[in-house]
Amino acid sequence: MADKCKKLTGKYKRRIVKLKRKHHHPLVHHIHKKHNISYKTLLYMKEYGPKSHISHVIIRESLKILILASIISSVGGVGLNSIQNKLFTILPLIILLPALNSMIGSYGAIVSSKFTMMLYLGKIRGTSAGNSPKTYFFPFLKNENLHKLFFTILCIAIISAVYMSLLSAGIAYIKGFEISLGLILQILEISLISVIILVSLIFTISVSVGLWIYRKKEDPNNFLIPIATSIGDLGSMCIFSLLVFLLF
Amino acid sequence: MHLLSHDFREILGAELVSVTGGLFAGLLLASYIDKLALIPGLLIFLPGFLEMKGSISGSLSSRLSSGMFLGIVKPKFHRSRVLRGNVIASFFLVVILSLILGSIAYLVSSFVLGINAPQIILVALIAGVISNLIEIPLTVATTFWLFRKGHDPNNIMGPYVTTLGDIVSIVALLIGILVV
């Protein structure tokens, strides 16, 4: 790939580096066709080429979405803060918290990336022709590949939830916290209800928003993962807080 | 449904490792629970801080992987403007976002809960800087090492950085609390 970059003449190199981001598509398309250099390589050259200030480009492009994600996650934190006293006195819950938080976020990333890949590979029809209004935004009602993905993720989520509940109770017991069967069942209940609701929510959001972005001729990869992980984080903290409030 | 499909085994394996790391981070939190209670608003700050570290390190690893696959970044520590730019950007992003998260936690604590505790902003800043000093070199070194060993870092670094981020962030947060 690096050898292919060398094929670019100085004239093209200078032009592509000077172009503004919103204007660079036609030329990139032309160079891609003429020199058979992938769009990914050209985009990387444009973003991090000799004339760009790399750290400025990264900070400028990442900051907005990261601030939005931080605000969304802080809303989940407000939910947690409201059950602070219960959380600090029931040791298995505080042990469970970071694992639950990162687990739901990673399902958001997995579902989003796999769904986008299915769209690009044509395993899911991206166009609306012939779809009923119900299956326009919710194609998983019909599509076998999406059924398979949903049940795979749900099974993994349930296994992981049981694993982390039992392990958190075990760790708390080793640390000297008194554990009863009732408490173990309550912790299992919290983690299972949280993951089942959140996997379904993340799946619905990823599929419907991903399809909407794809139909607008944009790449869902750029938007879907931050959206799905932030909503997953917010949802996990809110549902976790609500269940702790109701059950303890 | 193919329960033992390649995808199922790969995702389950990565998730179980990630969950175990998360539980270890939770154990650290539980061990210093008396210290956590000292700083009001810390639980408002915590989910955002954990999420932010994973996102920034994940993006850093992903950008470096793309650069290595394209032949623009060499998989070793050397004087490269792409590597330097990525490291500087990640460092400043964590510092800026730690300050923002700390300020949100402070504002919510003081206006909603009625507790005036500005030290949360300082805790956030110290935790952000300390976690950066540990996590960024580890992320870069692991990405390079995986690439040199012939693996695709994109497949492995996702769960790795979230797990590493959880543990390092909580250690850094506890150091921040002890300092303040």
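Accessible surface of A:ARG125 in the full protein assembly, 1.4 angstrom probe, to the nearest 10 Å²?
Surface open to solvent at A:ARG125 totals about 130 Å².
If you plug each phi of segment B:61-66 into the Karplus form 6.51 cos²θ - 1.76 cosθ + 1.60 with θ = phi - 60°, what whole-Hz ³J(HN,Hα) values come out, in order, with x for Gly and Pro?
4, 5, 5, 5, 4, 4
Using the Karplus equation 6.51 cos²θ - 1.76 cosθ + 1.60 (θ = phi - 60°), what ³J(HN,Hα) coupling, rounded to whole Hz, does each residue of segment A:88-101 give in order, writing x for Gly and Pro?
The phi angles translate into 6, 9, 9, 4, x, 5, 6, 5, 6, 3, x, 5, 5, 4 Hz.
Once you put a point 7 Å from the Cα of B:GLN119 and another 7 Å from the Cα of A:ILE193, both along the Cβ direction, what distance in nm separates them?
3.6
Roughly how crowded by other chains is peptide A:108-114, in terms of the mean Cβ count from those chains within 10 Å of each of its Cβ atoms? Don't skip to the answer; put the middle values down first.
Values: counts 0, 6, 6, 0, 0, 2, 2.
That average works out to 2.
Averaged over its residues, how many other protein chain Cβ atoms are within 10 Å of peptide A:225-232's Cβ atoms? Let's see the in-between values first.
Working: counts 4, 2, 0, 0, 5, 3, 0, 1.
That works out to 2 on average.
For chain B, calculate the relative contact order in percent as a whole number, restricting contacts to Cα pairs under 8 Å that are 6 or more residues apart.
37 percent.
Compute, for B:ASP34, the solvent-accessible surface of its heavy atoms (probe 1.4 Å) with the complete set of protein chains present, and express it in square angstrom to the nearest 10.
90
Ranked from the most accessible area to the least, with a 1.4 Å probe and all protein chains present, what is the order of B:HIS78, A:HIS53?
Solvent-accessible surface, decreasing: A:HIS53, B:HIS78.
Order A:HIS35, A:HIS147, most accessible first, counting only protein heavy atoms with a 1.4 angstrom probe.
Of A:HIS35, A:HIS147, the descending order of accessible area is A:HIS147, A:HIS35.
Total Å² of accessible surface buried at the B-A contact, 1.4 Å probe, nearest 100?
In total, chains B and A hide about 5000 Å² from solvent.
Provide the net charge surrounding B:ALA89, with neighbours chosen by a C-beta distance below 11 Å and charges set as Lys +1, Arg +1, Asp -1, Glu -1.
+2
Kindly write out, for segment A:193-201 in residue order, the coupling ³J(HN,Hα) from the Karplus curve 6.51 cos²θ - 1.76 cosθ + 1.60 (θ = phi - 60°), rounded to whole Hz, with x marking Gly and Pro.
With coefficients 6.51, -1.76 and 1.60, one gets 4, 4, 5, 5, 4, 6, 5, 5, 5 Hz.
On a 1.4 Å probe surface of the protein chains, which of A:GLU144, A:GLU178 comes out largest in accessible area, and what is the full order?
Ranking A:GLU144, A:GLU178 by accessible area, largest first, yields A:GLU178, A:GLU144.
For chain B, what is the mean residue ellipticity at 222 nm derived from helices alone (per DSSP H run of n ≥ 4: -39500 (n - 2.57); sum divided by total residues; nearest 500 deg cm²/dmol)?
Calculated at 222 nm, the ellipticity per residue is -28500 deg cm²/dmol.
Using only protein heavy atoms and a 1.4 Å probe, report how much of B:LYS53 is accessible, in Å² to the nearest 10.
Here the accessible area works out near 0 Å².
Label-point separation (nm) for B:LEU178 and A:ILE71, each offset 7 Å from Cα along Cα-to-Cβ?
Taking the simple label geometry, B:LEU178 and A:ILE71 are separated by 3.6 nm.
The values are calculated or read from the model by the stated rules, or taken from the named source; none is laboratory data. If you're wondering where the values come from, they're calculated on a predicted model, not measured in any experiment. Ideal geometry is used to build each Cβ from the backbone, glycine not excepted, and the neighbour counts take in all protein chains shown. Just the protein is used for accessible areas: all its heavy atoms, side chains included, with ligands, DNA and RNA removed. Shrake-Rupley method; radii C 1.70, N 1.55, O 1.52, S 1.80 Å.
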